[in-house]
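Take a look at the structure set out below.
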């Protein structure tokens with residue numbers, strides 16, 4: 001039997017990015033730039049209705065709220081976006097183990113997604 005392997009921070013971030021990216025695609029956003037490094041912001045630069053959008057994606061550890069964000073970071077992002085006449089959004093994605101939310105998320109095992117959508121800053 002294969003040993004359980006906990007997802008790394010980068011893997012959790014990539015999973016969160018995929019969840020947000022799928023929603024953006026479904027909502028008609030055109031991807032201009034994607035950065036999958038967790039500390040490089042924004043993660044997505046998109047165009048929709050001729051308006052530029054900067055989107056910061058964060059994997060949020062259970063039991064923290066997916067709608068709470070770092071005000072200082074998002075303020076800096078908004079200032080940066082304003083220079084480009086862009087809108088700024090935060091996308092917090094909670095990922096937790098489906099059998100016990102206190103346990104880590106493991107590779108090839110069920111998990112719970114808590115994603116409330118984009119929050120405009």
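Within this structure, residue 66 passes the test of being in contact (Cβ under 8 Å) with a residue 12 or more places away in the chain and farther than 22 Å from residue 50 by Cβ. Just for the stretch 87-100: of the residues that are within 19 Å of the chain's Cα centre (by Cα) and free of Cβ contacts under 8 Å to residues at least 60 places away in the same chain, which one is farthest from residue 15 (Cα to Cα)? Ranking the qualifying residues of the stretch 87-100, first place goes to 87.
Considered as a group, the residues in the stretch 110-121 that are part of a loop (DSSP other than H, G, I, E, B) and in contact with a helix residue (DSSP H, G or I) (Cβ under 9 Å, 6 or more places away or on another chain) include one that is surrounded by the fewest Cβ atoms within 10 Å (Cβ to Cβ), and that residue is 117. Screening the stretch 1-84 for strands (runs of 3 or more DSSP E) wholly inside it with 2 or more residues that are touching a helix residue (DSSP H, G or I) at 6+ places or on another chain (Cβ under 6 Å) returns the ranges 51-60. When 84, 29 are checked against the criterion of being free of Cβ contacts under 8 Å to residues at least 40 places away in the same chain, over 19 Å from residue 9 (Cα atoms) and surrounded by 15 or more Cβ atoms within 10 Å (Cβ to Cβ), a single residue qualifies: 29.
Within the stretch 48-66, if we keep just the residues that are farther than 14 Å from residue 14 by Cα, surrounded by 14 or more Cβ atoms within 10 Å (Cβ to Cβ) and modelled with pLDDT of 95 or more, the residue that is farthest from the chain's Cα centre (by Cα) turns out to be 52. Taking residue 93, is it touching a helix residue (DSSP H, G or I) at 6+ places or on another chain (Cβ under 6 Å) and farther than 19 Å from residue 33 by Cβ? Criteria met by residue 93.
The set of residues in the stretch 92-109 that are outside any strand (DSSP E or B) and in contact with a strand residue (DSSP E or B) (Cβ under 8 Å, 6 or more places away or on another chain) comprises 98, 101, 103, 104, 105, 107, 109. Scanning the stretch 3-24 for residues that are within 13 Å of residue 43 (Cα to Cα), buried (at least 19 other Cβ atoms within 10 Å of the Cβ) and touching a residue at least 24 places away in the same chain (Cβ under 8 Å) yields 13, 16, 17, 20, 24.
The values are calculated or read from the model by the stated rules, or taken from the named source; none is laboratory data. Keep in mind it's a predicted model, so treat the numbers as computed, not measured. Note: ideal-geometry Cβ built from the backbone for every residue, glycine included; neighbour counts use all protein chains shown.
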